[in-house]
Amino acid sequence: MDPRLSIIEKRLANIGRIITVASGKGGVGKSLIASTLALSLSEKGYKVGLLDLDFQGPSAHVILGARRAYPKEDKGVVPPEVHGVRFMSIVYYVGDEPSPLRGEDISNALIELLAITQWKRLDFLVIDMPPGIGDQTLDLIRFMSRSEFLVVTTPSKVALETVRKLLKLLKELRIPIRGVIENMKSIQSSWVKEQIDALGVPFLGEIAFDKNLEDSIGNADKLLETNFANDLEEILPKLQL
Amino acid sequence: MHEWALAEAVISTVVETSKKEKIREVTEVKIEMGELQQIDEEIFNFALKVSIEEAARGQGDLLKKMKIKIEKESALLKCRICGHEWPFSDQAKELSEEESESIHFIPEAAYIYVRCPECKSPDFDIIKGRGVWIDSIKGTR
């Protein structure tokens, strides 16, 4: 019997809402949207946590510039605050090294993180997911069925095809979907919106391709001033947070 | 300490399972402690004791007679590439304090810091001895 499973619910008990930023495809801006969303909610005065579950390609720490942060031990581990956000990532334990984990090991590492992390009281926990519908997505559905999905796509047909699969799975399992954001928009087209509408999922809005965004990576204050963050800010009311 | 979180999880599982199985008094709980996670037994035992006291409030006699038996399990690793099997203890002493601590918190960090001694591959399985596991819960209904 795995003792960790019975404690996960207790660890998440004082968290108001769990927002999971996901996509079927990599490179669509999930980590940037998750990190900026967490920073923005924190700026508004909420208690916010950010959990990077992308074990094989963690990047939220790079976006936040959290290289020197490390959790404290107090009946488990307490995530450090980075720009006001309680930030947890496997990166504290694997550093910059590659993490070649297989399915069962991914599940085990995820369960361990959920079982030992003491978030304390949070208004929001934002989760930065790896791409696809693999282990972390299935485990998240298993352990956090109240989590609300914020799905990211780009104008690309390739990205949308994978997003379609993720949305289908979430709908089948009756997991709450807040809606879809179209990121990296560069030309006017309503094609993605029409596709999402046809799936019966809320289309939340667009974020224009921001060529200056790269300069703000690692600098949270600068990130919140980008056009990217402004576009995301306009979408937030539709998330009904 | 990290041991506290695991001890709390063990006692929470015992209470939850006893309720499910309609056990009135738990008599014995057997715990396997995998070597890979490098649990500090003294801290773990103390944390178990405190967790039992905390959980016992409002549970009547459920945990009053409970005895906890802890068995240590050596960690065994097996390479998926060349099939070589080896005990983690061979490599444990070669790890830095930082690497060792990372494996303590997340045993899967072993895939970052341990390699097959024969073919140097990181693609291996943890056959046994990963972490804390409840082997059995005995009690009276």
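Read-outs: derived from the displayed coordinates by stated rules, not from any lab. From a predicted model like this one, the values you see are computed outputs, not experimental measurements. Please note: Cβ atoms are built from the backbone with ideal geometry, for glycine as well, and neighbour counts cover all protein chains shown.
If I stretch the segment between A:ILE217 and A:GLU9 completely, what's the gain in nm (0.36 nm per residue apart, minus their alpha carbon distance), one decimal? Don't skip to the end; give the middle numbers.
On the way: separation 208, 0.36 × 208 = 74.88 nm, distance 3.35 nm.
That works out to 71.5 nm of additional length.
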Dipole magnitude of region B:9-141 about its Cα centre, charges +1 at Lys/Arg Cβ and -1 at Asp/Glu Cβ only, in debye to the nearest 20? 960 debye
Amide hydrogen neighbours beyond the local backbone of A:VAL77, cut-off 5 Å, H modeled: A:THR117, A:GLN118
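In this model, which of A:LYS30/A:LYS168; A:LYS72/B:LYS19; A:LYS10/A:LYS168; A:LYS30/A:LYS72 are farther than 22 Å apart at the alpha-carbon? Present the calculation step by step, with values, prior to reporting the outcome.
Values: A:LYS30/A:LYS168 19 Å; A:LYS72/B:LYS19 34 Å; A:LYS10/A:LYS168 30 Å; A:LYS30/A:LYS72 27 Å.
In this structure, A:LYS72/B:LYS19; A:LYS10/A:LYS168; A:LYS30/A:LYS72 lie more than 22 Å apart at Cα.
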Centre separation in Å (Cα based) which lies between region A:156-202 and region B:60-102: 44 Å
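Pairs of Cα atoms under 8 Å, at least six residues apart: use those to get the relative contact order of chain B, whole percent. Let's see the in-between values first.
Working: 239 pairs, mean separation 54.1, N = 141.
Result for chain B is 38 percent.
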Along the charge dipole of region A:121-241, which of A:LEU199, A:VAL126, A:VAL163 sits closest to the positive end, that is, farthest toward it, with unit charges on the beta carbon of Lys, Arg, Asp and Glu (+1, +1, -1, -1)? A:LEU199
Contact order relative to length of chain A, as percent, for alpha carbon pairs under 8 angstrom and 6 or more apart: 27 percent
Rounded to 0.05, the calculated FRET efficiency for the beta carbons of A:VAL62 and A:LYS193 at R₀ = 35 Å is 0.70
Mean-square fluctuation maximum in Gaussian network of chain A, Cα pairs under 10 Å, restricted to A:PRO155, A:PRO130, A:PRO98, hits A:PRO98
Round to the nearest 10 and give me the degree value, 0 to 90, for the angle of helix B:41-56's Cα axis relative to the longest principal axis of chain B. 30 degrees
Report the local net charge at A:SER156: Lys and Arg +1, Asp and Glu -1, summed over other residues whose C-beta lies under 13 Å from its C-beta. +2
Based only on other Cβ atoms within 10 Å, what is the fewest-to-most ordering of B:MET66, A:MET1? A:MET1, B:MET66
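Let me know the charge dipole size of the protein assembly as shown about its Cα centre in debye, to the nearest 20, where only the beta-carbon of Lys, Arg (+1) and Asp, Glu (-1) is charged.
Details: 51 positive and 60 negative charges, 321 e Å.
The dipole of the protein assembly as shown has a size of about 1540 debye.
Rounded to the nearest 20 debye, what is the charge dipole size of region A:88-241 about its Cα centre when +1 sits on each Lys and Arg Cβ and -1 on each Asp and Glu Cβ? Spell out each step's value before the answer.
On the way: 17 positive and 24 negative charges, 145 e Å.
Dipole about the Cα centre, nearest 20: 700 debye.
Taking the Cβ of A:TYR93 as the centre, find all other residues whose Cβ is under 9 Å away and add up their charges (Lys, Arg: +1; Asp, Glu: -1).
Numbers: positive: none; negative: B:GLU101, B:GLU108.
Spelling it out: positives minus negatives among the neighbours equals -2.
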If one compares the long axis through the Cα atoms of helix A:157-172 with the longest principal axis of the Cα atoms of chain A, the angle in degrees, nearest 10, works out at 60 degrees
Would you mind putting B:99-110, B:126-137, A:190-201, A:40-51 in packing order, based on average other-beta-carbon counts within 10 Å, highest first? B:99-110, A:40-51, B:126-137, A:190-201
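Would you tell me the mean number of C-beta atoms belonging to other protein chains that fall within 10 Å of each C-beta in A:66-73, as a whole number? Don't skip to the answer; put the middle values down first.
On the way: counts 0, 0, 0, 0, 0, 2, 0, 6.
Counting other chains' Cβ atoms within 10 Å and averaging over A:66-73 gives 1.
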What are the lysines whose alpha-carbon lies under 24 Å from the alpha-carbon of B:LYS72, with same-chain residues fewer than 8 places away excluded? A:LYS75, B:LYS30, B:LYS49, B:LYS93, B:LYS128, B:LYS138
With only helices counted (DSSP H, runs n ≥ 4, each -39500 (n - 2.57)), the per-residue ellipticity at 222 nm for the protein assembly as shown, to the nearest 500, works out to -10500 deg cm²/dmol
Return the whole-Å distance between the Cα centroid of region A:80-154 and the Cα centroid of region A:2-20. 12 Å
With θ taken as phi - 60° and the coefficients 6.51, -1.76 and 1.60, list the Karplus ³J(HN,Hα) couplings across region A:226-233 in order, rounded to whole Hz; mark glycine and proline as x. 6, 4, 4, 5, 4, 5, 5, 4
Residues in region B:121-141, backbone N under 19 Å from the label point at B:LYS67 (7 Å along the Cα-to-beta-carbon vector): list them, ranges by number please. B:134-141
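Out of all DSSP beta bridges with both ends in the protein assembly as shown, state the antiparallel percent to the nearest 5. Walk me through the numbers before you get to the answer.
Working: 19 of 56 bridges.
If we restrict to bridges inside the protein assembly as shown, about 35 percent are antiparallel.
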On a 0 to 90° scale, report how tilted helix A:103-116 is relative to the longest principal axis of chain A, with both axes built from alpha carbons and the result rounded to the nearest 10. 70 degrees
